[in-house]
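The values are calculated or read from the model by the stated rules, or taken from the named source; none is laboratory data. Note that this is a predicted model, so its numbers are computed, not measured. Reconstructed Cβ throughout: ideal geometry from the backbone, glycine too, with neighbour counts over all protein chains shown. Protein only, heavy atoms only, side chains kept; ligands, DNA and RNA dropped before computing areas. Shrake-Rupley method; radii C 1.70, N 1.55, O 1.52, S 1.80 Å.
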2 protein chains.
Amino acid sequence: MPRVSQDHLDARRQQILSGARVCFARYGYEGATVRRLEEATGLSRGAIFHHFRDKESLFLALAEDDAHRMADVVAREGLVQVMRDLLATKDGADWLGSRLELSRRLRTDPEFRARWAERSERLTEATRQRLLRQREAGNLRDDIDVGVLTSYLELVLEGLVSHLAMGLPADDLEPVLDLVESSVRRATATA
Amino acid sequence: MPRVSQDHLDARRQQILSGARVCFARYGYEGATVRRLEEATGLSRGAIFHHFRDKESLFLALAEDDAHRMADVVAREGLVQVMRDLLATKDGADWLGSRLELSRRLRTDPEFRARWAERSERLTEATRQRLLRQREAGNLRDDIDVGVLTSYLELVLEGLVSHLAMGLPADDLEPVLDLVESSVRRATATA
């Protein structure tokens, strides 16, 4: 396959992903019909489903993109920074909301849950690695297992996603994230 | 109105609420059609909407019941205990999931958000009062504002609700809740 063709395919894929993200954010997962996905991407259903097996695969590809981007931030600055970024932009609330709407599906469809878990595993692993490095550097509290600290930070992230997706007031959450951050650090480092 | 009649009305109201809770949990908010609400409660739509203005009011009455019950636990044992109870029973996940599905509605419908907020305000206030008493008793850390600690605990609760509603593994969350509890306590109390 000539090179230009591969570039073209990649660009097309990106075009589909960004259109679909806007579409899911606006209409929710169920509301994002094939027709609306065509409108949002400017492409035919044939073109869209040439790149993605089905709507579910398209949605999961977006979730995977998120996990990639968040994992990059985690590696450099930690999971609390991911939360601070979410709090600062807020404009992701519509998209985050469409993820929440899938909670029933996640709970009741084991295959979908497995595909989703595969993607979120990347973020868990990045968080774990970051915490291990922080412990090595003496910045982390050492009385609690890194696995527990990882689950703790992820639980707070889930709370923040839910909070923002519900459009609840978020102006007072900055000091809450400070508390979360300090509760995984060495006591001496925060004193 | 004779006394027996009022008792009858109260019992009827309870019958509707418990049937509706099962129905919302099974089918989600949108999926809980009037027909299914009739089946689940064993009552006609006429009887149901004699007691509740509409489906939304019925749903909010259930959310209010939850807030009442949680506020009672909070007053006696604190919000972390509410989370431990959720973790121990888990069978509330289906119902909790139906709440998550309303996130888009909460975000985009200010009137609905206001009605919802009125109900959840009770839980916030109970948490705040409990924390103030704990601070008075010297059990609470005193370097962080009670408002921030309240928001922190509520954010973790939101994360837990989301986590359980998505059916994610929760076996490892007990030590996470221990960490949450210790992070609002006086350092000396946990040492």
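Of all the listed residues (A:26, A:21, A:45, A:35), the sole one being without any contact (Cβ under 8 Å) to a residue 60 or more places away in the chain, open to solvent by 50 Å² or more (accessible area, probe 1.4 Å), within 21 Å of residue A:101 (Cβ to Cβ) and not polar (S, T, N, Q) is A:35. Considering each residue of the range A:176-186 in turn, at least one proves to be more than 9 Å from chain B (Cβ to nearest Cβ) and outside any helix (DSSP H, G or I).
Here is a list: B:135, B:99, B:130, B:122. Which entry is assigned to a helix (DSSP H, G or I) and either within 13 Å of another protein chain (Cβ to nearest Cβ) or open to solvent by less than 30 Å² (accessible area, probe 1.4 Å) (or both)? Please lay out each step first, then the result.
Numbers: B:135 fails: either within 13 Å of another protein chain (Cβ to nearest Cβ) or open to solvent by less than 30 Å² (accessible area, probe 1.4 Å) (or both); B:130 fails: either within 13 Å of another protein chain (Cβ to nearest Cβ) or open to solvent by less than 30 Å² (accessible area, probe 1.4 Å) (or both); B:122 fails: either within 13 Å of another protein chain (Cβ to nearest Cβ) or open to solvent by less than 30 Å² (accessible area, probe 1.4 Å) (or both).
Answer to the selection: B:99.
Does the range A:45-68 contain at least one residue that is outside any helix (DSSP H, G or I), of a type in the set (Phe, Trp, Tyr) and away from chain B (no Cβ under 14 Å)?
yes
On the basis of being in contact with a Ser or Thr (Cβ under 9 Å, 6 or more places away or on another chain) and at positive phi, does residue A:159 make the cut? Criteria not met by residue A:159. Taken across the range B:53-63, residues that are of a type in the set (S, T, N, Q) and modelled with pLDDT of 95 or more do not occur at all. Of the set (1) modelled with pLDDT under 95; (2) assigned to a helix (DSSP H, G or I); (3) surrounded by fewer than 19 Cβ atoms within 10 Å (Cβ to Cβ), all apply to residue A:116 but (3).
If you go through the range B:138-163 one residue at a time, how many are more than 9 Å from chain A (Cβ to nearest Cβ) and in a helix (DSSP H, G or I)? It would help to see each step written out before you state the result.
Applying the first criterion (more than 9 Å from chain A (Cβ to nearest Cβ)) to the range B:138-163 yields B:138-143, B:146, B:150, B:153.
Pick out the ones that are also in a helix (DSSP H, G or I) and you get B:146, B:150, B:153.
Residues flagged as more than 9 Å from chain A (Cβ to nearest Cβ) and in a helix (DSSP H, G or I) within the range B:138-163 amount to 3.
Under the condition of being closer than 21 Å to residue A:168 by Cα, open to solvent by 60 Å² or more (accessible area, probe 1.4 Å) and part of a helix (DSSP H, G or I), the residues counted in the range A:75-96 number 4.
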